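Okay, structure first, notes after.
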Amino acid sequence: MVVLADILSAAKTIRGVADATPMVPSATDVGGTLWLKLETCQPIGAFKLRGAVNALAHLPEGAAGVVCCSTGNHGRGVAWAARERGLRAVVCISALVPEAKVAGIRALGAEVHVAGRSQDDAQREADRRARAEGLVAIPPFDDPHVIAGQGTIALEMLAQRPEIDTLLIPLSGGGLAAGMAVAARAIRPEIRLLGITMERGAAMAASLAAGHPVAVEEVASLADSLGGGIGRENRHTFALCRDLLDAVVCVSEDEIYRAMQALYHEDRLVAEGAAVVGLAALMAGKLAPSPAMATVLTGRNPDMAQFTRVISGGDVVLGAVTVKGVRHG
Ligand SMILES: *Cc1c(COP(=O)(O)O)cnc(C)c1O
């Protein structure tokens, strides 16, 4: 179980290393104030550093190194935190992870292994290497230290803007949503907590609808960081998301595309598709606005060739699907 005390403790652990990102109001018109928590300003360009730093601070004595599977940003966070501690880091990814994210992980000195076409394949490879090479596995979301680390974002947001009445939380495996929800519900019980994800290949949304963890087919998405399953043996995030989120909202690739454009042209910010799903849901009218909403710009590590096509209104090919280009404004 993860409780507020764990998140307060994580906040102490990561202080001065992976905390204190700015929060700014969005310039995009969404029918109410929308605060943007800029986790894009983390040293690795994504919030996952929080969970990774907290998890690596709790390694068993004498650990030889760490291993993880990742859609990109968790691997980057683990690689960064391992380098700080002088530890070996091994990151297992699927072939769906964009090259830009792979390069970012390698640049931090981690070993990257590509295994299969899905997060489940990458997870199996990480498990195998943990056993074979005596490495400690750092799960991308279903781990109490990782959840507590991500939860520190909500502590900061509610301290920065106590009037926030709604949190729009990008949702994949649910480490971010679970941690933030534990903190926010404890501090402000009446706050509205919404998980936001993409329509295609969203495992947590499908699992919450089914009432138990289910697998979904993994497909290419502008929100590539939201891909992957939640694990059939999910121990923490499924129950926390089920018990603490008020609802889950799903956005289409076209809606993500337009939100990436708006964030760039109106707010002058670069972010990946996974980061803009909250803004996308509001722009698409998929949830009722309120006076003081906030979302987390979770990461700024897109494939830049794809990103420049989006902001300039070009077509984007995602596997079997093409997002038809449209110019902003
Ligand atoms: C990992 C990630 C998410 C989702 O986090 P979960 O804890 O898996 O739900 C959202 N956005 C970005 C950029 C990420 O890297």
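The values are calculated or read from the model by the stated rules, or taken from the named source; none is laboratory data. On a predicted model such as this, the values are computed, not experimentally measured, just so you know. Backbone-built Cβ (ideal geometry, glycine too); neighbour counts: all protein chains shown. Side chains included, ligands, DNA and RNA excluded: accessible areas come from the protein's heavy atoms. Shrake-Rupley method; radii C 1.70, N 1.55, O 1.52, S 1.80 Å.
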Quiz item: Considering only DSSP states other than H, G, I, E and B, which trypsin sites (Lys or Arg not before Pro) in region 265-329 qualify as loop sites with at most 13 other Cβ atoms within 10 Å?
Solution: Arg268, Lys324, Arg327
Quiz item: Where a Cα-Cα gap under 19 Å defines reach, which lysines qualify for Lys48, not counting those fewer than 8 residues away within the same chain?
Solution: Lys12, Lys37, Lys101
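Of the listed peptides 21-33, 45-57, 152-164, 220-232, what is their order by residue-averaged count of other C-beta atoms within 10 Å, with the highest listed first? List each step's numbers first, then the result.
Details: 21-33: 15.6, 45-57: 28.0, 152-164: 19.1, 220-232: 24.5.
Top to bottom by mean Cβ count within 10 Å: 45-57, 220-232, 152-164, 21-33.
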Quiz item: What residue among Leu269, Leu193, Leu38 has the largest mean-square fluctuation in a Gaussian network model of the chain, using Cα springs under 10 Å?
Solution: Leu269
Quiz item: Within the chain, what percent of beta bridges assigned by DSSP are antiparallel, to the nearest 5?
Solution: 20
Quiz item: Rounded to the nearest whole Å², what accessible area per residue is found for region 188-316 with the 1.4 Å probe?
Solution: 37
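Which value, in Å², gives the accessible area per residue of region 1-47 when a 1.4 Å probe is used on the protein heavy atoms?
43
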Quiz item: Roughly speaking, to the nearest percent, how much of the chain's 1.4 Å accessible area is carbon and sulfur?
Solution: 52
Quiz item: By the gyration tensor of its Cα atoms, with a ≥ b ≥ c the square roots of the eigenvalues, what is the shape of region 193-325: rounded for a/c under 1.5, prolate for a/b over b/c, or oblate?
Solution: oblate
Quiz item: Shape of region 48-137 from its Cα gyration tensor (a ≥ b ≥ c, root eigenvalues): rounded if a/c is under 1.5, otherwise prolate when a/b > b/c, or oblate?
Solution: oblate
Self-check item: DSSP-assigned coil residues among GluC sites (Glu not before Pro) in region 192-231, each with at most 16 further Cβ atoms within 10 Å
Solution: Glu199, Glu217
Quiz item: For region 48-137, what is the accessible area per residue in Å², given a 1.4 Å probe and the full set of protein chains?
Solution: 40
